[in-house]
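A short write-up of the structure that comes next.
The values are calculated or read from the model by the stated rules, or taken from the named source; none is laboratory data. If you're wondering where the values come from, they're calculated on a predicted model, not measured in any experiment. So basically every Cβ, Gly included, is an ideal-geometry build from the backbone, and we count neighbours across all protein chains shown.
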Amino acid sequence: MECGLYLVGTPIGNLEDMTFRAVRILTEVDVILAEDTRKTGILLKHFDIQSSMVSCHKFNEQSRVDRVLSDLSEGKSLALVSDAGMPLISDPGSRLVRAVRDAGFLVTAIPGPTAVTTALALSGWGEDGFVFAGFPPNKRAGRRRMLESFREELRPVILYESTHRILKCLRDIEDILEDRPVFFARELTKKFETLFTGTARECAEFLEQRSSKGEFVVILGPPETP
Ligand code: SAM
């Protein structure tokens, strides 16, 4: 295979979403750079992939750059995977990708699932562009500032949110954007996938009455949508 860095998309919950090409590339590369070697180990075992693995996460990414460049200069091929979905989408790898490209080596992607576009398609608001804002700031003041900045935004705005902060985030959306329609997708592609559309207050009430566990994509709908 051609020497270079391969960004490989992996499932966001359902192992059947792994692509044939992702399996082949992960099998053929010399080294897999994994955000969490334990999690990726489960994936590799499932697909009987024997390639060697080293960790590459936000705390050691910078120090991995030299090693990756040295491997590439020896003609090796490497793959970068995150815990789930597309690497670099709210996941580490940006510094590495820029350094590898700046050094003149091949960087290419094996596209796979990603929560952002999966949720957007399900929302029904995806036709005319969108804004992907990733995770809102953890702290309330920062989160509220971010939401304020979307007051005039006509395109759907996509946020990632964790189980720990989903209710706080929905309450802030309710305060700041009031009756703007909100769609959330929880546990996409998994057994307990949940999709819901309503105001932020209705979304929060729905989760409070059941459970707010899981991984979430929250989409602020276009203001004029009924
Ligand atoms: N790289 C991933 C991608 O391509 O979507 C995103 C990684 S980011 C660290 C993790 C966040 O993505 C979660 O907190 C959640 O907001 C979203 N996410 C990932 N998988 C999801 C799923 N199956 N259902 C809903 N949201 C998901």
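Per-structure values
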| quantity | calculated |
| --- | --- |
| Qualifying positions in region 196-226 - among the aliphatic types (A, V, I, L, M) and within 10 Å of the ligand (Cβ to nearest atom) | VAL217, VAL218 |
| Cβ-Cβ under 8 Å pairs, at least 6 apart or on other chains, region 34-49 side touching a residue at least 12 places away in the same chain (Cβ under 8 Å), far side surrounded by fewer than 20 Cβ atoms within 10 Å (Cβ to Cβ) and among the acidic types (Asp, Glu) | GLU35/ASP83; GLU35/ASP91; ASP36/ASP83; LYS39/ASP83; THR40/ASP83 |
| Residue satisfying all of: in region 164-187; in a helix (DSSP H, G or I) and under 19 Å from the mean Cα position of the chain (by Cα); farthest from the ligand (Cβ to nearest atom) among these | CYS169 |
| GLY126 vs. criteria part of a loop (DSSP other than H, G, I, E, B) and away from the ligand (no atom under 16 Å from the Cβ) | no |
| Condition met for PHE132 (modelled with pLDDT of 95 or more and assigned to a strand (DSSP E or B)) | yes |
| Residues being within 19 Å of ASN60 (Cα to Cα) and within 16 Å of the ligand (Cβ to nearest atom) - total across region 96-123 | 2 |
| Residue check for GLY134: closer than 30 Å to ARG67 by Cα, within 11 Å of the ligand (Cβ to nearest atom) and surrounded by 15 or more Cβ atoms within 10 Å (Cβ to Cβ) | no |
